[in-house]
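K.L.:
One structure is given below, represented as structure tokens, and several questions about it will come after.
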Amino acid sequence: MDFGKAFSFVFEDEDWVKKIAVGGLLSLIPVIGIFLVLGWGVEITKRVINGDTEVLPDWSDFGGYLSRGFMAFVIAFVFLLPVILIQSCGTGLPFLTESYDQDALITAVWILTACFTCFTILYSIVAYMVLPAAIARYAATGEVGAAFKLGEVFKMVRNNLGTYGMVLLGGILASMVASLGVIACAIGVLFTTVYSFAINGHLWGQAYNVSGSGTAIDSAEPVPAAD
């Protein structure tokens, strides 16, 4: 897995400035902007998996990016739903202590809050390692159901923990890159955010190629890269 390539491939495209700038402007569109950029990132994943020579897409496939971005959002929402529910429950727990004076109840509420926090952190780490495999399977097949074949998804990750650990690290670094736009100039975040989606898309595709689709993970032979 070429970790550095995920950060540098954008600049190898002669039209990278235009493509990133257009993505930044499209991200301003209310509601659908984020789906467009996410779908564009999924297209990068697909191109890496397929070994395309032109990895950085233009913005001609507006409808395709919107559709793929929405589907990727749905996949992410389902995988992160337990965290969303736990956080919703945990947010209301401290307010229970305002209605009761019993020390035991107050202690129990804060213990539950701490447990919810620990669970959220641990589950989030697992989810953000599994999500790239799930979304890459969707990108490779075009089928949302492929992302929810949990046995195959978990095999990909479990048998390639180092690879998906690098993807997680890359995602953290990409988020830091995105935040640099705020530091440099408020409007700059539009373009650094698009760049961060490109980084993640490339990492997801590379990880898929390293780990395979998950269907042959138990074979004695090495898992072949996806075509």
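The values are calculated or read from the model by the stated rules, or taken from the named source; none is laboratory data. Computed from a predicted model, the values in this text were never measured in an experiment. Backbone-built Cβ (ideal geometry, glycine too); neighbour counts: all protein chains shown.
K.L.:
Are any of the residues in the stretch 145-157 under 17 Å from the mean Cα position of the chain (by Cα) and closer than 14 Å to residue 6 by Cβ?
P.N.:
no
K.L.:
Okay, next question. Looking at the stretch 41-63, which of its residues are farther than 15 Å from residue 198 by Cα and not in a loop (DSSP other than H, G, I, E, B)?
P.N.:
If the condition is that a residue be farther than 15 Å from residue 198 by Cα and not in a loop (DSSP other than H, G, I, E, B), then 50, 62, 63 are the ones that fit.
K.L.:
Among all residue pairs at least 6 apart or on different chains, which show Cβ distances below 8 Å where the first residue, located in the stretch 125-139, is in contact (Cβ under 8 Å) with a residue 12 or more places away in the chain and the second is outside any helix (DSSP H, G or I) and crowded, with 23+ Cβ neighbours inside 10 Å?
P.N.:
Listed by first residue and then by second, the contacts come to 133/214; 137/213; 137/214.
K.L.:
May I pose another question? Which condition breaks for residue 79 when tested against (1) of a type in the set (Phe, Trp, Tyr); (2) crowded, with 19+ Cβ neighbours inside 10 Å; (3) within 17 Å of residue 140 (Cα to Cα); (4) out of contact with any Gly (no Cβ under 7 Å at 6 or more places or on another chain)?
P.N.:
(3)
K.L.:
Quick one: is residue 66 within 18 Å of residue 199 (Cβ to Cβ), in a helix (DSSP H, G or I) and modelled with pLDDT of 95 or more?
P.N.:
For residue 66, the condition - within 18 Å of residue 199 (Cβ to Cβ), in a helix (DSSP H, G or I) and modelled with pLDDT of 95 or more - is not met.
K.L.:
Then there is this: Which pairs do you get when a residue that is under 17 Å from residue 43 (Cα atoms) and modelled with pLDDT of 90 or more, found in the stretch 203-217, comes within reach of a residue that is of a type in the set (Phe, Trp, Tyr) and not in a loop (DSSP other than H, G, I, E, B), reach meaning Cβ atoms under 8 angstrom, with the pair 6+ apart or on two chains?
P.N.:
203/3; 207/164
To keep it simple, each residue is scored yes or no on (1) at positive phi; (2) within 14 Å of the chain's Cα centre (by Cα); (3) of a type in the set (Gly, Ala, Ser).
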residue	(1), (2), (3)
2	no, no, no
12	no, no, no
18	no, no, no
21	no, no, yes
27	no, no, yes
31	yes, no, no
37	no, yes, no
44	no, yes, no
49	no, no, no
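K.L.:
Now for a different question. Does residue 39 count as crowded, with 23+ Cβ neighbours inside 10 Å and under 25 Å from residue 3 (Cβ atoms)?
P.N.:
yes
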